[in-house]
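Beneath this line is the structure, given in structure tokens, with notes to follow.
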Amino acid sequence: MDGNGRWAQRRSLPRTAGHRAAEATVIEIIETARSAGVEWLTLYAFSTENWNRPGTEVDYLMGLVRRVVRKHAPLLLARGIRCRFLGVTDPRIPRELAQDFDDLTTLTDGNRGMTLTVAFDHGGRRDIVEAARSLIRSGKRADEVTEHLFAQHLPFPDTPDVDLVIRTSGEQRISNFMLWKVAYAEWTFPDVLWPDFRAPDFLACLHTYRRRDRRFGTVPPRTNGDPR
Ligand code: IPE
Ligand code: MG
């Protein structure tokens, strides 16, 4: 979800106004994804590197996320959306916010409509290091470690690999996002700032994704008359 700051700057508003405007997009995209039959939606809300922003902006984001989570919990419950939070390990996260995350996770745990993962205080590299630590603690020998086993030590091992990443605002970077699970993801980079990103923009990304030829490193199946 990129481009909040630029959205605000273009209106001569403080960056926080862009974050506030992002809320409407968040809700619209969750509802659109759910209606479109998306089973797993992940929103990248705050990275381990975002702690390096000015304290006032970080504090604003913590407060905003808390308000959004509390305000929309009934909607998420009503839509049958199961919520979980990826990351959330840094002690700088306010205790009440971490508690709200836990409460929403528990509240929506029985839902099966769509799994919404909010990546908050998330870092792909940290997840990989934590998985390595966890493997070592489990006492496995080096020759026992496979990709499958390694993946079991990442957070939420039941979450499938990422199919599609949508990065708004035109930036074309991975920014430490779910590094293990994006190995064969398709990418789109819509040139729209997150607060301006609407349902049709999201659906256009899904349409683009459907037309992609996903080969996972193999070659397309042979067709009759193929000279190869
Ligand atoms: C939102 O957009 C992403 C968050 C970390 C909340 P930005 O705040 O990165 O917006 P730009 O990139 O400065 O425009
Ligand atoms: Mg940005």
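The values are calculated or read from the model by the stated rules, or taken from the named source; none is laboratory data. These numbers were taken from a predicted model, which means no experiment stands behind them. Please note: Cβ atoms are built from the backbone with ideal geometry, for glycine as well, and neighbour counts cover all protein chains shown. SASA here: full protein model, heavy atoms, side chains in, ligands and nucleic acids out. Shrake-Rupley method; radii C 1.70, N 1.55, O 1.52, S 1.80 Å.
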Carbon/sulfur fraction of accessible area - the chain, other protein chains in place, 1.4 Å, % = 52
What FRET efficiency do you get for S175 and T89 if R0 is 22 Å and r is their Cβ-Cβ distance, rounded to the nearest 0.05?
-> 0.75
Given I30, S12, T89, which one lies farthest toward the positive end of the charge dipole of region 1-113, if we put +1 on the Cβ of every Lys and Arg and -1 on the Cβ of every Asp and Glu?
-> S12
Gained length - L164 relative to S35, 0.36 nm times residue gap less alpha-carbon distance | 44.7 nm
Of region 14-34, those with amide N under 14 Å from the point 7 Å along the Cα→Cβ vector of T56 are 14-18
If a/c stays under 1.5 just call it rounded; otherwise compare a/b with b/c (prolate if a/b is bigger, oblate if not). Do that for the chain, with a ≥ b ≥ c from the square roots of the Cα gyration tensor eigenvalues.
-> oblate
Once the other residues with Cβ under 10 Å from the Cβ of F189 are scored (Lys, Arg +1; Asp, Glu -1), what is the net sum?
-> -1
Contact order relative to length of region 74-228, as percent, for alpha carbon pairs under 8 angstrom and 6 or more apart = 18
How many nm is it between the label spots at R133 and H207, if each spot is 7 Å from the Cα in line with the beta carbon?
-> 4.6
Go ahead and estimate [θ] at 222 nm for the chain from helices alone: -39,500 (n - 2.57) per DSSP H run with n ≥ 4, summed, over the residue count, rounded to 500.
-> -14000 deg cm²/dmol
At 1.4 Å probe size, with every protein chain present, just tell me what the per residue accessible area of region 71-228 comes to in Å².
-> 59
Nearest-20 debye value, the chain charge dipole, Cβ charges on Lys, Arg, Asp, Glu = 260
Farthest toward positive dipole pole in the chain [+1 Lys/Arg, -1 Asp/Glu at C-beta], among I136, S47, H153 | S47
Could you give the DSSP H helices of the chain that reach 15 angstrom or more along their long axis (alpha carbon positions) and whose average Kyte-Doolittle hydropathy is no lower than 0.5?
-> none
